[in-house]
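Beneath this line is the structure, given in structure tokens, with notes to follow.
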Amino acid sequence: MAASVGGRGAPITDAVVVDVLRRVDRLWAPVVARLDRPPALPEAQRAEWWAENVSRVVAVASAAPRFAGKLADLLPLQNTVGAAVQSLVVLGVAAEHGTTDPAARVALLARVLLDRPLTAEQVEPLLVRRRGAYADDVLGAVERRQGAAGITRTLWRVARLLARIDDALDARPKGGLGARALSNLPVVGVVGGYRAERVGLRRAAQQAYTALTGTRRE
């Protein structure tokens, strides 16, 4: 079944995906540049650093909708907030590998978050059409995306953007069945949600690493 926008049954086209993920990339860019990863960390460990340390900062936010248990599945929050956190991890791993081309980053986000095999060559023409459209009044000034409050503000803005393609987010990396089952329970579901999102973040980092290097870390 084709994914749809806003539950109206319209297919989510490549143009819509690129439009959303391009904004996600631009929103997270100042945060990726300022997260304080130890400079001496070996390259092979950097993807894992992004998964573990970003998860400690913001995975609680991505799991928080599970406080409502199964009810959270009726809301867009779980997928969109979880995917927003994963997008930060994916872009962090991309930065570690010197991926500066916007088309390549958007293609990577599409592959990991949506299991959508877009290439940079396919993305590039869609970016050209929209180039220059997203000024600070749309994305928010860079200085308002710094610090703990800025990260939280950016997380929610990214989540709102991803709500446009919520149906496609079911393909994003997820945690194990046990944690996901626990997340369906009221109140304690936040524990299961947190565990599931932590695993999902590690899988997102691994998939990004594999896509960029062609190798898989065990």
When restricted to Gly9, Gly92, the only residue open to solvent by 10 Å² or more (accessible area, probe 1.4 Å) and either at pLDDT 85 or above or over 20 Å from Ala204 (Cα atoms) (or both) is Gly9
The listed residue being under 17 Å from Trp28 (Cα atoms), at pLDDT 80 or above and either in a helix (DSSP H, G or I) or touching a His at 6+ places or on another chain (Cβ under 6 Å) (or both), out of Leu169, Leu212, Leu126, Leu201: Leu201
Total residues in region 27-58, condition surrounded by 16 or more Cβ atoms within 10 Å (Cβ to Cβ), of a type outside the set (A, V, I, L, M) and at pLDDT 80 or above: 7
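The values are calculated or read from the model by the stated rules, or taken from the named source; none is laboratory data. All figures in this text were calculated on a predicted structure; none of them were measured in a lab. Note that each Cβ is placed from the backbone with ideal geometry, even for glycine, and that neighbours are counted across all protein chains shown. Heavy atoms of the whole protein, side chains included, go into the accessibility calculation; ligands, DNA and RNA do not. Shrake-Rupley method; radii C 1.70, N 1.55, O 1.52, S 1.80 Å.
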